[in-house]
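Here the structure is laid out as structure tokens; the discussion comes afterwards.
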Amino acid sequence: MRSLIDIKELSTQEIDELIAVAKDIISDPAKYSEKCKGKKLATLFYEASTRTRLSFEAAMYELGGNVLGFSSADNSSASKGESVADTVRVCSGYADIIAMRHPKEGAPLVASMHSLVPIINAGDGGHNHPTQTLTDLLTINREKGRFENLVVGLCGDLKFGRTVHSLIGAMARYNNVKFVLISPDELKVPSYIKQELDKDGVEYVETRSLEDAIPELDILYMTRVQRERFFNEEDYLRLKDTYILNMSKLEKAKEDLSILHPLPRVNEISVEIDNDKRACYFEQALNGKYIRMALIMKLLGVE
Amino acid sequence: MILNTITNGVVLDHIQAGGAMDIYKALNLDKLGCQVAIIKNATSVKMGRKDILKICEPIDINLDVLGYLAPGVTVNIIKDGKVAERRHIDPPETIKDVIRCTNPRCITSIEQELPNIFKLTDKENLVYRCIYCESKCKKHGDIK
């Protein structure tokens with residue numbers, strides 16, 4: 001039995017295989033419509049989510065399976081003080097696979113230590129979000145046709161942005177990928193991630209200016225400054241409008257730039273950009289369903 | 001003081017100068033009823049200055065705590081006035097319930113009776129990270 005807690009647990013070959021399956025699902029969804037017939041997915045979401053939870057559920061339904069679960073801690077026994085370990089011991093008797101989102105970092109790892117069925121980390125606080133990374137990788141692959149030789153800009157909250165941390169880890173495996181890390185000083189990428197990049201000899205630069213960075217980028221990954229990651233409302237208000245992508249900033253960008261965003265967006269991408277051919281974030285959200293279908297099949301051992 | 005002044009006990013040698021009190025506290029040596037000598041700033045050929053702890057009773061030392069706090073320390077087991085065993089302690093790969101994670105966002109901050117486990121992720125700089133949230137531990141400050 002295998003869980004997915006951190007994107008680093010997947011080999012490059014396994015990621016390539018998942019992307020290949022996702023692309024095959026996109027080209028022929030009917031072929032997969034009964035692959036998980038009779039199987040159940042439990043979505044244990046202790047924190048609000050739209051895309052992740054609904055795309056997991058849609059993924060399982062489109063594979064012919066069923067779904068049960070809760071969508072906030074208030075609707076579960078967590079509100080009565082039940083531990084993650086106990087909840088998972090119980091729920092793993094009700095479902096064949098579990099997707100868990102939790103505000104505390106490491107909660108899905110704890111779940112995987114006690115579960116009888118595979119656990120998928122659907123986001124643990126500001127830490128990891130491997131299925132978002134798979135979604136991002138599928139999007140990059142569909143947009144660019146490759147992972148190598150890319151300049152990847154990541155902009156916004158790079159400190160608490162779990163999608164950023166996971167994406168850096170995954171993209172750093174490929175040849176000649178350069179990262180441009182665009183953030184205010186208070187929201188820089190944590191030191192442990194930079195240490196790993198240094199250790200692996202991966203090129204990166206840190207900058208505060210989106211305008212200066214944008215001309216060289218092949219990918220621009222925008223993120224939201226998340227209110228829920230701040231203990232201090234003042235800090236949130238001071239930093240939330242730091243980077244807003246609009247058409248004037250995009251003027252200096254490459255014609256084939258791909259703009260990604262894990263969504264939800266608040267105001268960091270102007271709505272005027274939505275119709276620009278470089279905007280990929282709504283396709284990205286759709287890709288999330290297909291890659292989760294591929295992942296569910298893999299972890300359930302369905303061919 | 002020389003080693004053979006102890007008949008049966010433990011001598012912790014080659015402690016970085018100034019480190020003996022941290023080890024004394026972390027190993028709960030204050031709870032022992034026997035004689036414990038703390039020697040600070042002893043002259044050492046190898047280290048210049050070092051600290052030494054002498055415990056006049058055979059006790060089980062928590063080697064994970066010791067290896068984490070004082071990598072490179074030498075543990076001498078004294079029996080009948082002689083060094084019966086001498087071990088050099090390397091930093092442990094994993095430490096369980098020695099230190100606690102201080103990241104308020106970590107699952108260890110709320111999950112009942114969850115062991116605090118840290119892994120050595122950077123041998124050169126002796127960096128330990130929480131297995132759950134990957135936060136770097138702040139040395140000495142997080143001793144449980």
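Say whether the condition of being at pLDDT below 95, in contact with a strand residue (DSSP E or B) (Cβ under 8 Å, 6 or more places away or on another chain) and either β-branched (Val, Ile, Thr) or part of a strand (DSSP E or B) (or both) is met by at least one residue in the range A:39-50. Checked against the condition, which is being at pLDDT below 95, in contact with a strand residue (DSSP E or B) (Cβ under 8 Å, 6 or more places away or on another chain) and either β-branched (Val, Ile, Thr) or part of a strand (DSSP E or B) (or both), the range A:39-50 yields no hits at all. Selection of the range B:9-36 for residues being out of contact with any Ser or Thr (no Cβ under 9 Å at 6 or more places or on another chain) and exposed (fewer than 15 other Cβ atoms within 10 Å of the Cβ) yields B:Gly18, B:Met21, B:Lys25, B:Asn28, B:Asp30, B:Lys31, B:Leu32, B:Gly33, B:Cys34, B:Gln35.
In the range A:103-157, of all residues being assigned to a strand (DSSP E or B) and either of a type in the set (S, T, N, Q) or touching a Cys at 6+ places or on another chain (Cβ under 9 Å) (or both), the one that is farthest from the other protein chains (Cβ to nearest Cβ) corresponds to A:Asn121.
Does any residue of the range A:209-218 turn out to be within 22 Å of A:Thr135 (Cβ to Cβ) and either touching a helix residue (DSSP H, G or I) at 6+ places or on another chain (Cβ under 9 Å) or aliphatic (A, V, I, L, M) (or both)? Walk me through it before giving the result.
From the range A:209-218, those within 22 Å of A:Thr135 (Cβ to Cβ) are A:217-218; that's our starting set.
Next cut, either touching a helix residue (DSSP H, G or I) at 6+ places or on another chain (Cβ under 9 Å) or aliphatic (A, V, I, L, M) (or both) only: A:217-218.
Yes; the residues of the range A:209-218 include at least one that is within 22 Å of A:Thr135 (Cβ to Cβ) and either touching a helix residue (DSSP H, G or I) at 6+ places or on another chain (Cβ under 9 Å) or aliphatic (A, V, I, L, M) (or both).
Scanning the range B:71-128 for residues that are of a type in the set (A, V, I, L, M, F, W, C) and within 20 Å of A:Ala85 (Cβ to Cβ) returns B:Cys101, B:Cys106, B:Ile107, B:Ile110, B:Leu114, B:Ile117, B:Phe118. Residue count for the range A:58-83 under the criterion of being more than 21 Å from A:Gly301 (Cβ to Cβ) and of a type outside the set (Phe, Trp, Tyr): the result is 15. Within the range A:181-204, the set of residues being touching a residue at least 60 places away in the same chain (Cβ under 8 Å) and either closer than 14 Å to A:Ser166 by Cα or facing chain B (nearest Cβ under 9 Å) (or both) is empty.
Does B:Asp51 count as touching a residue at least 40 places away in the same chain (Cβ under 8 Å) and surrounded by 13 or more Cβ atoms within 10 Å (Cβ to Cβ)? Against the criterion (touching a residue at least 40 places away in the same chain (Cβ under 8 Å) and surrounded by 13 or more Cβ atoms within 10 Å (Cβ to Cβ)), B:Asp51 does not qualify. Within the range A:245-303, being at pLDDT below 95, closer than 19 Å to A:Asp136 by Cα and acidic (Asp, Glu) holds for one residue alone: A:Glu268.
Would you point out which residue out of A:Val117, A:Val151 is more than 19 Å from A:Asp6 (Cβ to Cβ) and either of a type in the set (S, T, N, Q) or modelled with pLDDT of 95 or more (or both)?
Numbers: A:Val117 fails: more than 19 Å from A:Asp6 (Cβ to Cβ).
Criteria check complete, one pass: A:Val151.
Can you confirm whether A:Leu197 is buried (at least 19 other Cβ atoms within 10 Å of the Cβ), in contact with a strand residue (DSSP E or B) (Cβ under 7 Å, 6 or more places away or on another chain) and of a type in the set (A, V, I, L, M)? First the steps, then the outcome.
Numbers: buried (at least 19 other Cβ atoms within 10 Å of the Cβ): no; in contact with a strand residue (DSSP E or B) (Cβ under 7 Å, 6 or more places away or on another chain): yes; of a type in the set (A, V, I, L, M): yes.
Here the answer is no, as A:Leu197 does not meet what is asked.
Specify the residue that is farthest from the chain's Cα centre (by Cα); the eligible residues are those in the range A:170-192 that are at pLDDT below 90 and under 20 Å from B:Asn103 (Cβ atoms). Please lay out each step first, then the result.
So the first thing to find is which residues in the range A:170-192 are at pLDDT below 90, and the list is A:184-187, A:190-192.
Still in the list and also under 20 Å from B:Asn103 (Cβ atoms): A:186-187, A:190-192.
On the way: A:Glu186: 22, A:Leu187: 18, A:Pro190: 18, A:Ser191: 20, A:Tyr192: 19 Å.
For the range A:170-192, the residue satisfying everything is A:Glu186.
Residue-level analysis places A:Tyr94 among those that are among the aromatic types (Phe, Trp, Tyr) and farther than 29 Å from A:Tyr281 by Cβ. Check whether at least one residue in the range A:82-93 is outside any helix (DSSP H, G or I), within 14 Å of chain B (Cβ to nearest Cβ), more than 23 Å from the chain's Cα centre (by Cα) and surrounded by fewer than 21 Cβ atoms within 10 Å (Cβ to Cβ), and report yes or no. Yes.
Against the criterion of being more than 18 Å from the chain's Cα centre (by Cα), more than 14 Å from every other protein chain (Cβ to nearest Cβ) and at pLDDT below 90, B:Lys46 qualifies. In summary, helices (runs of 4 or more DSSP H) completely within the range A:223-303 and bearing 2 or more residues that are of a type in the set (Gly, Ala, Ser) and crowded, with 20+ Cβ neighbours inside 10 Å occur at A:281-300. Within the range A:224-260, count every residue that is out of contact with any Leu (no Cβ under 7 Å at 6 or more places or on another chain), away from chain B (no Cβ under 14 Å) and closer than 18 Å to A:Ala48 by Cα. Count: 2.
The values are calculated or read from the model by the stated rules, or taken from the named source; none is laboratory data. Keep in mind it's a predicted model, so treat the numbers as computed, not measured. Don't worry about glycine lacking a Cβ; one is built from the backbone with ideal geometry, like all the others, and counts go over all protein chains shown.
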